[in-house]
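Encoded as structure tokens, the structure appears first; notes follow it.
The values are calculated or read from the model by the stated rules, or taken from the named source; none is laboratory data. In this text, all values refer to a predicted model and were calculated from it rather than measured experimentally. Note: ideal-geometry Cβ built from the backbone for every residue, glycine included; neighbour counts use all protein chains shown. Note: accessible area is taken over every heavy atom of the protein model, side chains too, but ligands, DNA and RNA are not part of it. Shrake-Rupley method; radii C 1.70, N 1.55, O 1.52, S 1.80 Å.
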Amino acid sequence: QVQVVESGGGLVQPGGSLRLSCAASRSIFSVRAMGWYRQAPGKQREWVAIITTGGTPTYRDSVKGRFTISRDNAKNTVYLQMNSLKPEDTAVYYCNAYPSIRDLWGQGTQVTVSS
């Protein structure tokens, strides 16, 4: 069964850091770009960062310079290092292929940035 499992979320103060992990099925991970997405309460889900199979990253403007996406091809895992977190980063974070695959959405991991 093709799936992803996200982990690493939590409660952090503004300015803090978190590292998210996403373990993906090899059948997807090895051939697709991967992305981190997020959905804040009352808002649509949006992409946050993308990484190609070759390791080239792309970031949405609001996280540039603060977030870093990486992938470990040996572990079929993609990471999102989040630094200098802001309250507006609060959301459920998901990983999926990019472009996303409708049936691949996992449970996500909650990130809450609050003092």
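Points worth noting:
- What the Cβ-Cβ distance of Lys86 and Thr53 gives, at R0 = 30 Å and to the nearest 0.05, is a FRET efficiency of 0.50.
- Partners of Lys86 within straight-line reach, counting lysines whose Cα lies under 20 Å from its Cα and excluding those fewer than 8 residues away in the same chain: Lys43, Lys64.
- Here, segment 66-115 has an Rg and a Dmax of 12.6, 37 Å when only alpha carbons are counted.
- Over the chain, dividing the summed -39,500 (n - 2.57) contributions of all DSSP H runs of at least 4 residues by the number of residues returns a 222 nm mean residue ellipticity of -500 deg cm²/dmol.
- Only protein atoms count toward the accessible area here, which uses a 1.4 Å probe; on segment 1-107, the carbon and sulfur part of that area reaches 47 percent.
- Model label points for Gln44 and Val2, set 7 angstrom from Cα along the Cα-to-Cβ axis, are 2.4 nm apart.
- The charge dipole of the chain, taken about the Cα centre with unit charges on the Cβ atoms of Lys, Arg (+1) and Asp, Glu (-1), comes to about 120 debye, rounded to the nearest 20.
- Once you reduce segment 85-114 and segment 52-73 to the center of their Cα atoms, the two points are 14 Å from each other.
- Surface analysis of segment 1-69 yields an accessible area of 55 Å² per residue, using protein heavy atoms and a 1.4 Å probe.
- With a Förster radius of 22 Å applied to the beta-carbon distance between Ser115 and Ser62, the computed FRET efficiency rounds to 0.65.
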